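Just below is one structure, and these are the notes that go with it.
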Amino acid sequence: MSVVRIGAGAGFQGDRLAPALDLAERGKLDYLVFECLGERTIALAQQARRNDPSGGYDPLLERRMRAVLPVCARNGTKVVTNMGAANPLGAAQHTARIARELGLTGLKVAAVTGDDVLDRIGSFVLDETGAPAEDLGDRLVSANAYVGIDGLVTALKADADVVICGRASDPTLFLAPLVHEFGWARDDWERLGRGVLIGHLLECAAQITGGYFADPGVKEVPDLAAVGHPLAEVGADGNATITKLQGTGGRITRATCIEQLLYEIHDPARYLQPDVVADFSSVDFQDLGTDRVGVSGATGAPATGQFKVSVGYRDGWIGEGQISYAGANCVARGQLAVEILQARLAPHRAEIFEERGELIGVNSVWQGASRHTSAPEVRVRYAARCADRDTAQRVAEEVEGLYLAGPAGGGGATGMVREVLAIASTLMPAATVKAVVEMLEVHHETA
């Protein structure tokens, strides 16, 4: 294959389906990739699987698969995704059931597991706590390694039409198909680095087509309501053209590509990935016409031999309440509401780890804003991380109590209580994490 066409179906768990379906239908894709896991998403999925062993995968998996599988099967497009989250095998089994119901017999669905390392994380010291993970005791919920391309490539070599994994590095989902199609050597650091670059540019979907770029009056983006998702036309040397479908909203330019290149990058010359340390320091973007940008110049170096591990653990409860004030002197009334809440919650400080009162629109982001700032309206938000649910519930109730026992004119009060799932990280030798691939083939149902 001289060129691989690979498209971004999703950039996060709750991403829109319409652009992905459009890519599946009109994109003439070889691969459609759904990147749906964030750092906290996998921990929440592990928690969900504890409550229901058959669950723990992306809640939108069924909707997405029912929409794109018939189109992808018809067009010869393979699907690669991390929607398996905490349960890739369960997600693969459910996808196979959906395919069977849709009459897509002969479809091969692969589950890639091995990223769950909860059973051996105990002695590893967490960066954020400075203590071994085992010190968390029963608060420890999950531990998932950011694995590389091994399992995905194995599944594709076995002719899988759909490959579902759990926690992998985001660019890995795009790199694996390129390694498989072009037969890149596992020590071809330059091409691996270029493949990581393609994955990094596509992984956030509409960010590179203008969704996270738009700033009215500064950086205009046309028809953002109908923004399309990107695709890459990748050559065997790893260089590519980034584009999108004609008739979709948004735009792809050097500027949108450069912004995405720098997104979540600490050192562009050493972007640490499971399979390669990518070097983006000499990347070049060239305008090739409307919504077509050429990308070249990435390279790479040998991987570190370590996998990052994301560790989820229970860390108390959040109690939160909000209430609005509008009209003359609303900022002062909102600030008084915060002061009242601080005083009323003082007797419970022993059970409150941290708390924050703010006026959304005045000082919720910039804490240095003056309390005398004028605004037509403000919304008070008061939140506290507490040792137990009862204390968190009290925080929410105190905000609601401002209706009659607080400043004048409060309205629209809401309250919420939720358990905190914190994330920590550590490193684990890559050699200790092994990918496992299980293939499922869709057959006719028999009586």
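Just so you know, all these numbers are worked out from the coordinates, no wet-lab data involved. This one's a predicted model, so the numbers in the text were calculated from it and none came from an experiment. Cβ coordinates were reconstructed from backbone atoms using ideal geometry, including for glycine residues, and neighbour counts include every protein chain displayed.
Look at the dipole of segment 300-405 built from charges on Cβ: of 338, 318, 374, the Cα furthest out on the positive end belongs to 374. Relative contact order of segment 312-425, taken over Cα pairs closer than 8 Å and 6 or more residues apart, is 48 percent. Fewest-first ordering of 63, 379 by other beta carbons within 10 Å of each residue's beta carbon gives 63, 379.
In this structure the amide hydrogen of residue 306, modeled in the peptide plane, comes within under 5 Å of the amide hydrogens of 430, none closer than 5 places in sequence on its chain. The percentage of C-alpha pairs in segment 312-425 whose separation is greater than 17 Å is 52%. Per-residue 3J(HN,Hα) values for segment 374-388, derived from phi via the Karplus relation 6.51 cos²θ - 1.76 cosθ + 1.60 with θ = phi - 60°, read 8, 7, x, 7, 9, 10, 6, 10, 10, 9, 9, 9, 10, 6, 9 Hz in sequence order (x marks Gly and Pro). Among 330, 386, 257, the residue with the largest mean-square fluctuation in a Gaussian network model of the chain, with springs joining Cα atoms closer than 10 Å, is 330.
Charge dipole of the chain (Cα centre as origin; +1 on each Lys and Arg Cβ, -1 on each Asp and Glu Cβ, all else neutral): 660 debye, rounded to the nearest 20. Net charge in the neighbourhood of residue 160 (other residues with Cβ under 15 Å of its Cβ; Lys, Arg +1, Asp, Glu -1) is -4. Over all Cα atoms in segment 68-115, the spread is summed up by Rg and Dmax: 10.9, 32 Å. Under 5 Å from the amide H of residue 420 lie the amide H atoms of 315, 316, 317, 318, each residue being 5 or more positions distant or on a separate chain, with H modelled from the backbone and absent for Pro and chain starts. Short-range pairs are left out: with C-alpha atoms under 8 Å and at least six residues apart, the relative contact order of segment 74-216 is 26 percent. Scalar couplings 3J(HN,Hα) for segment 165-176, obtained by applying the Karplus form with A = 6.51, B = -1.76, C = 1.60 to θ = phi - 60°, are 10, x, 6, 9, 5, 4, x, 4, 4, 8, 5, 4 Hz; x denotes Gly and Pro. Computed per residue of the chain from DSSP H runs no shorter than four, each worth -39500 (n - 2.57), the mean residue ellipticity at 222 nm is -8500 deg cm²/dmol. Residue by residue, segment 183-196 carries 3J(HN,Hα) couplings of x, 4, 5, 6, 10, 8, 4, 5, 5, 4, x, 5, x, 5 Hz when phi is fed to the Karplus relation 6.51 cos²θ - 1.76 cosθ + 1.60 (θ = phi - 60°); x denotes Gly or Pro.
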